[in-house]
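This report refers to the structure that appears directly beneath it.
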Amino acid sequence: MSSTGNSRKARYWGWGYEDIVYDRATTEHALKALVQEFRLSDLPTKTTAIDIGQHAVPESKLQRDFIDRWSNKGLSVDKAQRVIHTVGKSYRDLVRIRAGKIDRYPDGVLFLQDERDLQFLFEDASLFGITLIPFGGGSGVVGGTECVGPSDKPILVISLRKLNKLLSLDEISRTATFQPGILGPELEAALHERGYTLGHFPQSFEFSTLGGWVATRSAGQNSTKYGRIDKLVVSLKAQTPRGAMETRAVPASAAGPSLKEIWVGSEGIYGILTEITVKIAPLPQTQRFVGAFFNDFGVGVHAVRKMIQAGLHPSILRLSDPTETALFRKMQPMSGWKEAAFSLWLRVKKAGSAPSLLLLTTEGNREESLRQESLIRESLQKNGAAVLSKGLSEKIGMKWLQNRFALPYLRDDFMDHSFFIDTLETAALWSGLERLHGRMGAGFQEREKKTGEKVTVGCHLSHAYADGASLYFTLIAVQRKNEELRQWDEIKKLATDTIMENGGTVSHHHGVGYDHRPWMKQEKTELGIQVLRQIKSQLDPDRLLNPEKTI
C-alpha cells in the first residue's frame, strides 16, 4: 500500500483515501490471476465512478424552520455531504454509488457537536416528522445506514464524529471512557500515551468508530485474545427519545437481565450512545508469529480446536481453507520467502491434498508470549501441522500485518475491472463447523452446474472459542453487466440461506442492518422479534430512529 501524494480526500465511491493505492505489482498479479481463474480472454476494461457532482441529489425536504434552528449546530444540506453519508461500504453500496443509482439520499447531515442537543433533536424530529439515522465512520457493510423510512418524511443523518474524546482513564480498574465518535486510530493513540490498548482491530479500524463497534457487536482481528467488543464494554450511556439511560459500571451483576446487552448490537434503533466505558490492557511488549500448513482443512480445524480448548489463546488466528490459500498464492508474486514457505508444504504434502495455511500470533509480555509460542508450536505439530520456521513465520506475519487494513483497497481495484467481490461471516459450534464450510462450497458448485456462473468461494477460520469459531467467506465472480444488484441478491441469498440451514449465525461481527434483516426471524424467532420491537416502542414510540433495520 502506498500514498500518491499529500491529499487526504476520502473516496466517496470506495474505501479509504484517494491518495492511497494498493501495491501495484500485487494488484496486477492478482488481476491476471482472476483472468485465469474465470477463463477470460482478457482483463475487463477499467471503469470509473461518476463524479460526486453528477449524482442527481434532490433539494432537501427538511423544513425551513428546522434548518434555521439547527444551522448553527452542525447541520449541513450540502449535496456532496448528503452523497457521502448516503450508504456504507458494502459491495452493494459501492455498485450503486459508483453508478449514481441511489434510490434515496438523506435530506441533511447533522454533525452533532454536543450530546446535550440530542433531547432537543428528538423533540424537533417528532415535531417536524423527521427520520433519524445515526452515522459513525460509515464503514458498515450490511446496510446499517441505508436511507429507508416513510417516504413522506425527510431523512436526517446524525454524524457522531465530533464526539471523539477520551473522557477518563482508570488505571486501577483498567477501564477507559470515551465518546462514541472516536475512530480506531484516535482511540489507540490516546491509550498508547498511557501505555494501554483496547486490543480491538477490525479490518475497518482506520475508518470505524467505537460507537459503531458497540452498535454492531464488532469483533477485531485480535479478539481471540482480547475478546469481542461485547466482552470489552463495561458500561454505557445513551440518549433516547424517552430520555437518558445509563448502565452501572461494575465488573459483574446478578441484578436481573442486562440492560447493557440491549444496547450492544442495537444499531441505533433505540437511541444514540453518548459514552462508552471499556476494559483496557497493557500494551504488549512483543508479538510472535507462527505459520503452518495442513494437508487438509479439517485437520487444521481439529488442530485449532485442540489448541484453543487446551487454554492457548493466540491474539490473531487465521486458518485459510485450500481455496483461499490457493488464491493467496496465485495473487501474489512468488519469490524469496513466499516460495520458500510453500516449498515446505510441497515437501510434506500427501497425494491429492491441497494446503491450508495457518497464521497466528502471540503477544503480551516477553516471557508469556514466548511460552505461548512454544506451547502452540508443540500443539500444532502434535495435531498434523507442518510448522514453518520462526524466520519464515515472521516474514509471512509481518507482510500480513502490513496489509491487514489495506485489502478493501484491492477490492476497489477488482470492482474497477468488473469483478464481483463480497464477504460474509458466521460462527458455528465446532461439531458443525466443517459441515457448514462444506455445504457453502457445494452449494455454489451446484449453482454453477445449473446456471453456468462460476463463483469462487474462499474461507478462513478466525475468532476461535472453546465451543466454536467464526468462518469468514470471500466470494468472487465476474460481474453480470446491468444485473449487478440482481447477481448480488442471488449470491447473498444462497450464502445466507446455507448458513442458516447449517447451524450458523446470520452475523458474527458485521451486524444486521438492512441486508440481514430478512433472516432475523430465523435467528431470533417470531416471539424474540416481538420482544425487541416492544423495547423499541418503549424507547422510540414515534419510530424516529433507523427504521427498517435489524428487526
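The values are calculated or read from the model by the stated rules, or taken from the named source; none is laboratory data. None of these values were measured; they are calculated from a predicted model. Here the Cβ is made from the backbone with ideal geometry for all residues, glycine too, and neighbour counts use every protein chain on show.
So which of R92, R69, R96 is over 30 Å from K492 (Cα atoms), basic (K, R) and in contact (Cβ under 8 Å) with a residue 12 or more places away in the chain? Give the derivation first.
On the way: R92 fails: over 30 Å from K492 (Cα atoms); R96 fails: over 30 Å from K492 (Cα atoms).
It is R69.
Return yes when G441 is buried (at least 18 other Cβ atoms within 10 Å of the Cβ), in contact with a strand residue (DSSP E or B) (Cβ under 6 Å, 6 or more places away or on another chain) and either charged (D, E, K, R) or in contact (Cβ under 8 Å) with a residue 12 or more places away in the chain (or both) and no when it is not.
In short, yes.
Here is a check on your reading of the model: is P333 modelled with pLDDT of 95 or more and either among the acidic types (D, E) or over 23 Å from the mean Cα position of the chain (by Cα) (or both)?
No.
Is it fair to say L359 is modelled with pLDDT of 90 or more and farther than 30 Å from Q479 by Cα?
yes
Can you work out which of the residues in the stretch 297-321 that are of a type in the set (D, E, K, R) and not in a strand (DSSP E or B) is surrounded by the fewest Cβ atoms within 10 Å (Cβ to Cβ)?
Once the filter is applied, the top-ranked residue is K306.
Select from the stretch 43-66 the residues that are basic (K, R) and within 26 Å of G14 (Cβ to Cβ) and list them in ascending order.
K46
In the stretch 239-296, what count of residues is obtained for those that are outside any loop (DSSP other than H, G, I, E, B), among the small types (G, A, S) and surrounded by 14 or more Cβ atoms within 10 Å (Cβ to Cβ)?
3
Which ranges mark the strands (runs of 3 or more DSSP E) fully within the stretch 91-207 that have 3 or more residues being charged (D, E, K, R)?
Fully inside the stretch 91-207 and qualifying: nothing.
So G513 fits all but one of (1) surrounded by 14 or more Cβ atoms within 10 Å (Cβ to Cβ); (2) out of contact with any helix residue (DSSP H, G or I) (no Cβ under 9 Å at 6 or more places or on another chain); (3) closer than 30 Å to R329 by Cβ; what number is the exception?
The single condition G513 does not satisfy is (3).
If you go through the stretch 217-238, how many residues are part of a loop (DSSP other than H, G, I, E, B) and hydroxyl-bearing (S, T, Y)? It would help to see each step written out before you state the result.
Applying the first criterion (part of a loop (DSSP other than H, G, I, E, B)) to the stretch 217-238 yields 217-222, 227-228.
Checking the rest, the ones that are also hydroxyl-bearing (S, T, Y) come to 218.
So the count comes out to 1.
Which of the helices (runs of 4 or more DSSP H) contained wholly in the stretch 477-551 include at least 1 residues that are under 30 Å from E453 (Cβ atoms)?
484-501, 520-524
Against the conditions (1) more than 23 Å from the chain's Cα centre (by Cα); (2) part of a helix (DSSP H, G or I), where does H437 fall short? Just the number, please.
H437 satisfies every listed condition except (1).
Here's the yes/no breakdown for (1) acidic (D, E); (2) at pLDDT below 95; (3) buried (at least 23 other Cβ atoms within 10 Å of the Cβ):
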| site | (1), (2), (3) |
| --- | --- |
| K61 | no, no, no |
| R64 | no, no, no |
| L75 | no, no, no |
| S90 | no, no, yes |
| I102 | no, no, no |
| D124 | yes, no, no |
| F135 | no, no, yes |
| C147 | no, no, no |
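Taking into account only those residues within the stretch 43-59 that are β-branched (V, I, T) and modelled with pLDDT of 95 or more, which is farthest from the chain's Cα centre (by Cα)? Let's see the steps before the verdict.
Of the stretch 43-59, the ones β-branched (V, I, T) are 45, 47-48, 50, 52, 57.
Next, from what is left, pick out any that are modelled with pLDDT of 95 or more: 50, 52, 57.
Details: I50: 26, I52: 25, V57: 28 Å.
For the stretch 43-59, the residue satisfying everything is V57.
Does R69 fit the bill of being of a type in the set (D, E, K, R) and either assigned to a helix (DSSP H, G or I) or farther than 22 Å from R11 by Cβ (or both)?
The answer is yes for R69.
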